[in-house]
Amino acid sequence: MTDNPAAEVVTRTTIDRAVGVLIALRGCSPDDAFAELAAHSFRFDVSLVQSARSIVAAARGMDSANGVAGVAMTSAREDWGPLLADRRDPFDHVA
């Protein structure tokens, strides 16, 4: 625990969003999505929060210029880029 509860909430929210992205992409359980996020963090030697921020940013179509560390963003594109590229925008048909 840190001395800043607000920062903890933001961190937890970021991780929850990343888990949600993985659930949507993979159709997996929350536990499996979290395990994949943790494995990504370990494999690329970035923090769990960096991994979470990178997949959320990638899912939003953002890049490292949006405050995500270069290594984390590059590794997110490597791991999840094909899945993100295959997703279809459900609002494509809306004018």
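Each reported figure results from applying straightforward, stated rules to the coordinates on display, with no laboratory input. The model shown is predicted, which means the values in this text are computed figures rather than measured ones. In this analysis, Cβ positions are derived from the backbone assuming ideal geometry, glycine residues included, and neighbour counts consider all displayed protein chains.
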Packing-ranked peptide list from 26-38, 49-61, highest mean Cβ count within 10 angstrom first, is 49-61, 26-38
What shape does segment 8-63 take by its C-alpha gyration tensor, where a ≥ b ≥ c are the square roots of the eigenvalues and a/c under 1.5 counts as rounded, a/b above b/c as prolate, and the rest as oblate? rounded
